[in-house]
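Here's the structure we're looking at; comments come further down.
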Amino acid sequence: MATQADEELLPGEGDGLHSSGDHLGMRWQVNSTKLVSYEVRLHTDLLDPADPTLARAGITETSARPRRLIVLDTRVHAIYGARLSDYLTAQGIEFDLCVIDAHERVKTMDSVFQVVSAMDRFGLARRREPMIAAGGGVLTDIVGLAASLYRRAVPYVRVPTSLIGMVDAAIGAKTGVNFHQHKNRLGTYHPAAVTLIDPGFLATLSARHLRNGLAEILKIGLIKDAALFDLLAVHGSRLVAERMQSAGSADGGAVAGEVTRRSIHGMLEELQPNLWEDDLERVVDYGHSFSPTIEMEALPELLHGEAVTIDMALTTVLAHGRGLLGDVETERVLRTMSGLGLPTWHRLCTPELLVKALADTVRHRDGRLRMPLTTGIGAACFVDEVSAAELDEALAALRRFAGPVAFSGTAISAGGTHG
């Protein structure tokens, strides 16, 4: 039988707060919804002194004395620091630069605390002075975590300067740093107010780091966009040589632009309905079942995208062994990886390490493996079990793979190894 307290509408209940019980055992149910809205924008020549886009990014109210804290990694500062300072001066902005090392070995809470200290010194306002993070994916992850923690979350703007940042790390909601040799073990969900993507920054990126970003683009092609995969298979080496720039390009940058747009759209299309990862079956986790462990064990030898490619090569062979991927498609996938200059093997890929990697992945995915496998180029399914025999067979195949590939049944014939 309902008590009087059950039946009464207490103050606040009309706004979604519900209470029940009596004076000996009251219970309140708090219900609140937070709208999440952020922007990802392609914009060329961000450092043009006459263009206010970067200066105004993330600003919700004007100020007579605009201030910005800029966090950037040491390499970006060496190349673009002077231009950035000139730009901010031309825009009439009071600013401070916080320059930090930002690579996988220092992707730790110590680096987060460096950024937090800079925020404190600058006297960052809580809502109206979004700071700017300019750098690769490691830098934007570090700054994003710092922003999510400082005063329980302050706004920030991402300006990715690496390809992997532009198509992956800087366009989602996740932040994170490594902990005790575990990849991104500490992190939060805190998207930037705006992510501004200027492909012009890729002109100064090394070929290896361009390939690193192409690995994450290849992932999108393999699990959901066959046309994107085709573009990489045909034009991948040229995109690296031209640094994905329109100037001097054989086609005026048409393919580079199409690859960039398709990869960003494909990633955001998967992220938007599952931004907080309530559903742990995510096709964008393709290439991320073995790779976190491989990457951290090999550190600093492998870049993130290189480790992801090794994972994708292994799971490509696993999919082939299950009959999900035909001989011709499997050969084409591995040829494309090789053509992009990406590794498909590393000496640390032992059965023992891979079993350890899968165990950690199962914990991360809440007790189930939920491993994405390709079911033909451009589509995927999920599997919850991978046998030791399957792993051994896939490893044996990949050990033999280098350069030209020829498939016959489940065997790969070729000589040499990567690593």
**Item:** Qualifying position, being touching a helix residue (DSSP H, G or I) at 6+ places or on another chain (Cβ under 8 Å) and farther than 30 Å from residue 246 by Cα, among 159, 154
**Value:** 154
**Message:** With the structure loaded, tell me whether residue 169 is touching a residue at least 12 places away in the same chain (Cβ under 8 Å) and under 22 Å from residue 60 (Cα atoms) or whether it fails that test.
**Reply:** no
**Prompt:** Can you tell which of 197, 217 is in the same structural domain as residue 156 (by TED's automatic domain parsing) and closer than 23 Å to residue 269 by Cα?
**Reply:** 197
**Request:** Look through the range 245-289, keep the residues that are over 21 Å from residue 309 (Cβ atoms) and among the hydroxyl-bearing types (Ser, Thr, Tyr), and return whichever of them is surrounded by the fewest Cβ atoms within 10 Å (Cβ to Cβ).
**Result:** 246
**Complete:** Scanning the range 124-137 for residues that are modelled with pLDDT of 95 or more and part of a loop (DSSP other than H, G, I, E, B), the one nearest to residue 99 (Cα to Cα) turns out to be 136
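Matching residues to (1) of a type in the set (D, E, K, R); (2) on the phi < 0 side of the Ramachandran plot; (3) modelled with pLDDT of 95 or more; (4) out of contact with any Leu (no Cβ under 8 Å at 6 or more places or on another chain):
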{"position": "288", "(1), (2), (3), (4)": "no, yes, yes, yes"}
{"position": "309", "(1), (2), (3), (4)": "no, yes, yes, no"}
{"position": "316", "(1), (2), (3), (4)": "no, yes, yes, no"}
{"position": "336", "(1), (2), (3), (4)": "no, yes, yes, no"}
{"position": "349", "(1), (2), (3), (4)": "no, yes, no, no"}
{"position": "365", "(1), (2), (3), (4)": "yes, yes, yes, no"}
{"position": "379", "(1), (2), (3), (4)": "no, yes, yes, yes"}
**Message:** Suppose we keep only residues that are surrounded by fewer than 16 Cβ atoms within 10 Å (Cβ to Cβ) and not β-branched (Val, Ile, Thr) within the range 354-363. Which one would you say is farthest from residue 295 (Cα to Cα)?
**Reply:** 363
**Prompt:** How many of the residues in the range 293-314 are crowded, with 23+ Cβ neighbours inside 10 Å and in a helix (DSSP H, G or I)?
**Reply:** 14
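Does any residue of the range 360-374 turn out to be in a helix (DSSP H, G or I) and polar (S, T, N, Q)?
Yes: the range 360-374 contains one or more residues that are in a helix (DSSP H, G or I) and polar (S, T, N, Q).
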**Asked** What tally of residues in the range 315-336 results from selecting those that are surrounded by 23 or more Cβ atoms within 10 Å (Cβ to Cβ) and either touching a Pro at 6+ places or on another chain (Cβ under 9 Å) or polar (S, T, N, Q) (or both)?
**Response** 3
**Residue selected from the range 36-77 under the condition among the small types (Gly, Ala, Ser) and in contact with a strand residue (DSSP E or B) (Cβ under 9 Å, 6 or more places away or on another chain), by the criterion surrounded by the fewest Cβ atoms within 10 Å (Cβ to Cβ)** = 55
**Fill in**
Being over 29 Å from residue 152 (Cβ atoms), without any contact (Cβ under 8 Å) to a residue 40 or more places away in the chain, assigned by TED's automatic domain parsing to the domain that holds residue 141 and not charged (D, E, K, R) narrows 90, 78, 64 down to just 78
**Item:** Any hit, the range 318-337, residues being within 21 Å of residue 169 (Cβ to Cβ) and part of a helix (DSSP H, G or I)
**Value:** yes
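Within the range 364-380, which residues are touching a helix residue (DSSP H, G or I) at 6+ places or on another chain (Cβ under 6 Å) and closer than 17 Å to residue 288 by Cβ?
369, 372, 373, 374, 380
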**Item:** Residues located in the range 168-221, provided they are assigned to a loop (DSSP other than H, G, I, E, B), of a type in the set (Gly, Ala, Ser) and buried (at least 24 other Cβ atoms within 10 Å of the Cβ)
**Value:** 170, 192
**Message:** Give me the strands (runs of 3 or more DSSP E) completely within the range 1-94, filtered to those with at least 1 residues that are modelled with pLDDT under 85 and not aromatic (Phe, Trp, Tyr), ordered by residue number.
**Reply:** 18-20
**Request:** Would you mind stating whether residue 237 is under 24 Å from residue 389 (Cα atoms), over 13 Å from the mean Cα position of the chain (by Cα) and not aromatic (Phe, Trp, Tyr)?
**Result:** no
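Quick grid of which residues meet (1) within 15 Å of the chain's Cα centre (by Cα); (2) without any contact (Cβ under 8 Å) to a residue 40 or more places away in the chain:
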residue	(1), (2)
280	no, no
303	yes, no
321	no, no
342	no, no
367	no, yes
373	no, no
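The values are calculated or read from the model by the stated rules, or taken from the named source; none is laboratory data. Everything numeric here is computed off the predicted structure, so don't read it as measured data. We place every Cβ from the backbone using ideal geometry, glycine too, and count neighbours over all the protein chains shown.
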